[in-house]
Every structure is written in C-alpha cells, then in structure tokens.
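J.: Below: one structure in structure tokens.
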C-alpha cells in the first residue's frame, strides 16, 4: 500500500505529465519556413504603407485561414486603422542663430527632424528653451516645466529620466528606465505644453541605442494615428547640442547637472531656431491581423488571452542605402520582428487543435516600428472587451542563438503573471532569468505596453534580444552564444538584420513553446490575472 505522501506525490506527477501531454507542441519546421518567407527580399522589409507591408498582411491572413483560426465578426482577419504618413523633403532645414553664429546641422548627421501634425508645410522662427528631462510627473513630485509658458517655443530636452541618488535610490525606478524617460512620452508632453517643436539630445548611453537608430527612423516615412502632433520633432546629436549651447552662452553639462534636481526650471537659451519643413503627407489604411481560437468553457469563453507580435519593419528605402553606402536597400527585419510573427503562426497552427477554456486571440499588430500604432489602435477599438481580456503575451525580436536553461520574463513581476510564468518554467525544466535593471526601458518599447496602459496584465516574453547583454544561460557554447546575441546590437534596425539559414532556432522554438504554455496556464485558470497592489497600470482600464 502506498503511503499518503507517496501517493500524493505520485498523483501530482501523473497530473503534471497529463497536463504536459495535453499541451500542443510548437514545431520548428513551420516556424522556420514562416520566418524565412517573412524576412525575404520579396516582402521588401514589410514597411508600413509600402507594398511589402501589404504582402505581409495578405500572407498572414491567408495563413490564419489555412491554419483554421476563426475570423473576426465581419468574416475577415483584418482590423483597419487609418494613419498619416509624413517624410521631410530635401531642402527642409533647421538652423540656429546663437551668439552671432549660425549653426545649420546637416540632416542625418547632426540633426534629424520631421512633422507629425499632418501639415505639408511648417515654417516658424522661435526662441529656444532647455527643459531638462521634459518630465511632468506628479507621482514622482517632479515638474521640469514649473508653469513656464512654452507656447510658440522650441523645447530641447534630454532622454531617459532623472538618475537615482544616495538619498533617493528608487526615484524613477532607480537605474531602470520609466515611461517618463521614453522619447514617445517626451514628444507627447511637449505637445501638451504647447511647444512649437521639440528636439531630444541623443547619447548612446541615455537612449540605449546609437545615433543610427533615430537617423534611420527619421530617414524613412514616419506615421501617426492622427493628424494632431508636434509641428516639428526630432533629435540632436550630442556634439551638435554642445556646440549650440556653447554659442548660446550656456554649458550643457552644467545644465544637465541642474536638471537632476527637483528645483530645476526651464532655461531660455540666447538662441533662435529657424524651421523650414516641407513634407510629403498621405493617409494610409493599414491593418492589424487577428484570428481566434474560441474557448470551450461555457462561462470563461467570454474572456480571452491575446498573443501578439508585430508584422512590420522599416521597409524598402533606396535613399537610405545611398546614405549608408550599400547596394542593399531592404530592411528585412528578420529578428525584428519576422521572428515573432512567424512564431505566432507556428503557435496558432497547433493551438487550433487544442482549445483552452478561455478564448485565445492571435494578433499581429501593424505599425509597431512607427510608435506601436496598431496596438494603440486595437485598445482604442478592441476586438474583444478589454475588461474581459486576461492578458497580452507579446513576442518581439526572438532568440535566434540556441536553447537556454532560463527564460526572460521582464515585466511579468508587475502582476500575477510572474507566478504563472514560474509554474510554467518549472514544468519545462527552466528557471526564470534573474531580474536586471531595465536600463533601455524595454517594457515600454513593444506592443504589450499598449495593453498594459489599458490595464491588461502584459509583458514581452523571453526578451532575449532586448536584454542586449547576452546574460542568458545558453545550453550550448555559452560564451559564444552570448557573444552572438550581443552582436545583434549592430544589426538592430539596420540593413543587416537578415535571415540566416544557419541559425539554431531551438531557442526560438523554446521561447514560443513557453509563451504558448503560459497562455494555456492563464486561459485554463479559474481566475483572471491581476496587477500587483500599487502598480500604476492596474488602474488605467479603459
């Protein structure tokens, strides 16, 4: 006769084995095939508003139907969103008059800029103001504006957020980057303050990426969901900013030091900006792609778990290749994010045969590279009630290096998803990767953040590439694998992010499997996930 403890342990083991056997298994072959196709030159980098993007949408919806995902209520797999595209034309300029000097930085080298207000012509002269970090955060008792009148002025500010101090080691989340440190927030806040325009000072350390990233971004057509935006916004290369401040009689480093205190007030520079910005403007209809696996539980099927991965990248750019001195002109975006889009297809292919208690939604948002436009459009007009959406599990820039003994769940610690992730990891023989400071603000840089802002527990699963430090515990060749992961930094948002058939996709399959398993854990649980007490996003529900 079994002793009670032994019997209980045996039943638990059998239960875990049964659970594991019922979960669908993600296969590498379809994932690799989808990845190779989505990253192929034929799709021209899946650019927003470009032919390649249209091809990507057509491919995804065709595959969704073939796999057996249920369409939306209108019988299609598309959710439309209208966006406004803008690109600065040659001859546009931003010049500064300061201390008897004229500084006219070259576009792409010392400055990048564009319009986001939907106007084809923008021209103004304006005084220049330094606004520190450009943050107005009552929850942090921080206001860089102090009631200053910035209407009709150009505001220059730093990226990132105020650094921790010995007396306040946890202000603005310590070493981690908060939402207030992101460039998107700073543009939005400058608009709320009534500024005529806004420029961010770039450093690789504060932005967490090199100058080439904003240079490439503004070198392409840029998009917004609405025509209301800044008349002029962009970035200043640090040396350009330093020269401007010196000509205006200011020391940039001294002002930066002042901006680290709550007492900082906006500083008017002895400078005037002269803006002449002509842009091509067009309205474009883009599409999120979505398919559904209906739930089986009579009550819980009204609730849903979302898996998301954006389909877009930077597209095709003949001018960009000329600037880069390369013959290639397609930003294929193999890792960012053909990998996530392909993984979702592979996951959906097996999920349709194994419905969960809650409904599962597979979502491929548009326009992530242009400001998470598709995800933001979704939460404004959700396909499923937000109050009945349990979680969003996002995949972006996946692990192409090899299997790991751990899995990244950065952001999950904000909600009960962390405990669910721990259960899933244990069943798979994995550890949760140790938490590290979010120096680059990765939590705010992918589509899941749109859902988090709307009050839905969400995070980017795996985060192997976003970590950027190669700190994951790779099974094979740990040192070399970490080095290959770190090396991707030079390919991020570059022409060189191309599919390589020699990639070991076992880690990508592992990441997709973990995400799907976590989705089933949430979809089959009795209770909906909850935010941790005091978590700001837990109170935002729209």
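J.: For segment 151-176 and segment 75-111, write down the distance between their C-alpha centroids in whole Å.
T.: 25 Å
J.: Under the Kirkwood approximation applied to all pairs of distinct alpha-carbon atoms, what is the hydrodynamic radius of the chain in Å?
T.: 24.3 Å
J.: Listing 66, 236 from the residue with the fewest other Cβ atoms within 10 Å to the one with the most, what is the order?
T.: With the fewest neighbours first, 66, 236 line up as 66, 236.
J.: May I pose another question? Across all directions of projection, what mean area in square nanometres is found for the Cα convex hull of segment 218-257?
T.: One quarter of the hull surface, i.e. the mean projection, equals 4.4 nm².
J.: Here is a further query. Roughly what % of DSSP beta bridges within the chain run antiparallel, to the nearest 5?
T.: The antiparallel proportion sits near 60 percent.
J.: Relative to a virtual label point 7 Å from the Cα of residue 476 in the Cα→beta-carbon direction, which members of segment 392-406 show backbone nitrogen distances below 17 Å?
T.: 399-406
J.: How big is the Rg/Rh ratio for segment 400-541, C-alpha atoms only, Rh by Kirkwood, two decimals?
T.: When Rh is taken as the Kirkwood radius, the ratio is 0.98.
J.: Multiply the residue separation of residue 388 and residue 413 by 0.36 nm, subtract the distance between their alpha-carbon atoms, and state the gained length in nm to one decimal.
T.: Result for the pair: 6.9 nm of gain on full extension.
J.: Sticking with this structure for a sec: If one computes P(r) from the Cα atoms of segment 197-245, what percent of pairs lie at distances over 13 Å?
T.: 64 percent
J.: In nm, to one decimal, how far is the modelled label at residue 74 from the one at residue 166, with both set 7 Å along Cα→Cβ?
T.: Taking the two extended label points, one gets 6.1 nm.
J.: Now for a different question. Sort out for me the Cα centre separation of segment 202-219 from segment 375-449, rounded to whole Å.
T.: Each part's Cα centre sits 25 Å from the other's.
J.: Right, here's the next one. Within 10 Å of each residue's Cβ, count the other Cβ atoms and sort 471, 440 from fewest upward.
T.: Starting with the residue having the fewest Cβ neighbours, the order is 471, 440.
J.: Run the simple label-point estimate for residue 95 and residue 141 please: 7 Å along Cα→C-beta, distance reported in nm.
T.: 4.7 nm
J.: What order do you get for 191, 485, 35 when you list them from fewest to most C-beta neighbours inside 10 Å?
T.: Neighbour counts put them in this order, fewest first: 191, 485, 35.
J.: Still on this structure, please answer the following. Kirkwood Rh, Cα Rg: Rg to Rh for segment 44-162?
T.: Reported Rg/Rh (Cα atoms, Kirkwood Rh): 1.14.
J.: Still on this structure, I have one more. Give me the mean projected area, in nm² to one decimal, of the convex hull enclosing the Cα positions of segment 86-281.
T.: 10.3 nm²
Read-outs: derived from the displayed coordinates by stated rules, not from any lab. Predicted model only: the values in this text are computed from it and were never measured. Positions of Cβ are generated from backbone atoms using ideal geometry, with glycine treated the same way; all protein chains shown enter the neighbour counts.
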